[in-house]
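Structure record follows, encoded as structure tokens.
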Amino acid sequence: MFRLDEERVIDATLCGGLARYINHSCNPNCVAEIVEVDRDLRIIIFAKRRIQRGEELAYDYKFDIEDDQHKIACMCGAPNCRKWMN
């Protein structure tokens with residue numbers, strides 16, 4: 001899911017572009033930006049660095065901080081992994 005603003009969240013669980021397969025990482029190689037096009041909001045994915053062939057696309061989902069009971073484990077394997085996605 002991707003939050004556009006306080007009222008709208010995009011959920012590509014059942015349909016959507018290939019970007020729905022981008023995974024979380026604490027050391028992401030992509031960044032998502034919200035831009036306005038013809039008075040409508042769009043999500044654009046930009047590479048933060050050169051991405052190698054076969055490398056997985058990843059960005060930081062920046063989930064809201066949750067209490068310990070509702071934490072989602074992060075298994076990105078980055079050297080700076082925070083151990084939790086939220």
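The values are calculated or read from the model by the stated rules, or taken from the named source; none is laboratory data. This structure is a prediction, so every number in the text was calculated from the model and none was measured. Glycine gets a Cβ as well: all are built from the backbone with ideal geometry, and neighbour counts include every protein chain shown. All accessible areas refer to the heavy atoms of the entire protein, side chains included, with ligands and DNA or RNA removed. Shrake-Rupley method; radii C 1.70, N 1.55, O 1.52, S 1.80 Å.
Observations on the structure shown:
- Reported count of residues in segment 40-55, each being open to solvent by 80 Å² or more (accessible area, probe 1.4 Å) and modelled with pLDDT under 90, is 1.
- Long-range neighbours under 7 Å by Cβ, at least six apart or interchain, first residue farther than 11 Å from Asn80 by Cβ within segment 25-36, second among the β-branched types (Val, Ile, Thr) and open to solvent by less than 70 Å² (accessible area, probe 1.4 Å): Asn29/Ile51; Cys30/Ile22; Cys30/Ile45; Ala32/Ile43; Ala32/Ile45; Glu33/Ile44; Ile34/Ile43; Val35/Ile44
- Inspection of segment 71-82 identifies no residue that is surrounded by 12 or more Cβ atoms within 10 Å (Cβ to Cβ), over 10 Å from the mean Cα position of the chain (by Cα) and outside any loop (DSSP other than H, G, I, E, B).
- Neighbours by Cβ (under 7 Å, 6+ apart or cross-chain): first from segment 40-55, without any contact (Cβ under 8 Å) to a residue 12 or more places away in the chain; second exposed (fewer than 10 other Cβ atoms within 10 Å of the Cβ) and not in a loop (DSSP other than H, G, I, E, B): Arg42/Val35
- Scan of segment 39-62 for residues that are closer than 22 Å to Arg82 by Cα and either part of a strand (DSSP E or B) or in contact with a helix residue (DSSP H, G or I) (Cβ under 7 Å, 6 or more places away or on another chain) (or both), ordered by number: Ala47, Ala58, Tyr59
- Residues in segment 8-29 that are open to solvent by less than 50 Å² (accessible area, probe 1.4 Å), over 15 Å from Ala47 (Cβ atoms) and in contact with a Lys or Arg (Cβ under 8 Å, 6 or more places away or on another chain): Ala12, Cys26.
- Considered as a group, the residues in segment 16-38 that are part of a loop (DSSP other than H, G, I, E, B) and at pLDDT 90 or above include one that is farthest from the chain's Cα centre (by Cα), and that residue is Asp38.
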